[in-house]
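Reading through the structure tokens given below for one structure.
Computed from the coordinates by the stated procedures, all read-outs in this text should not be read as laboratory data. Predicted model only: the values in this text are computed from it and were never measured.
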Amino acid sequence: MPSALETTGLDSSAKSWALPVRGSALFYGCPQIIRLSHYFLPRVVADGKRALYLDGANQFDPLLFSRMARERGRTPSDFNRSIRVARAFTCFQLTELLVRAPKLLKTFPADVVILTALPELYFDEDVREADALASFRKALGALQFLAGRLPVAVFSDPSSFSTPRWKFFERVKACAAQVWKVSGQEDGKLLIADDRAVSRALPAARI
């Protein structure tokens with residue numbers, strides 16, 4: 001498994017970790033992408049902000065999260081107060097989480113939303129394509145509504161699936177304000193590059 005994010009003399013400042021003030025940012029390209037989502041959380045906490053983490057991949061790792069807190073001289077409870085995790089196990093549940101997100105934000109006023117497994121959950125062959133598509137369209141509409149009000153970071157790993165529903169991912173990509181592609185390197189590191197403009201790199205971080 002790659003152990004760090006590569007930096008290559010490009011912009012490796014803290015600003016590289018910043019999410020857009022408004023709109024969605026899509027991160028995709030390697031199997032470690034969901035784990036990568038955790039590395040945005042310390043920046044959120046350090047800035048005195050809160051994150052609503054909608055975990056469609058069911059891979060949020062509280063042990064990794066606690067380790068990050070201790071490495072920064074904070075207690076896990078400090079971090080926990082700034083992050084609210086809501087899990088989905090089916091595409092319909094993920095759609096419902098996105099639709100309900102504005103209400104969740106009233107009780108937990110987060111500054112950023114982190115979302116995993118869009119659109120992978122909608123690739124489930126046990127769900128008829130017509131039903132998956134209808135749920136996906138509803139989810140995408142809810143995502144765009146959220147992204148018009150606060151930053152949303154989407155972490156997606158569609159390449160792990162062989163499916164004719166690849167068009168779902170293309171729709172997510174087309175709606176994103178930023179698209180970042182993460183790829184593994186021969187030296188075991190991860191390289192992240194702007195998929196739409198000039199390549200940039202993120203600061204080193206253990207994964």
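Here are some notes:
- Taking each of K103/K138; K49/K181; K103/K173; K106/K189; K138/K181; K106/K138 in turn, the alpha-carbon distance tops 28 angstrom for K106/K189.
- The range 53-171, relative contact order [Cα under 8 Å, separation at least 6], %: 30
- Computed from the C-alpha gyration tensor, the three semi-axes of the ellipsoid equivalent to the range 4-194 are 25, 21, 15 Å, from longest to shortest.
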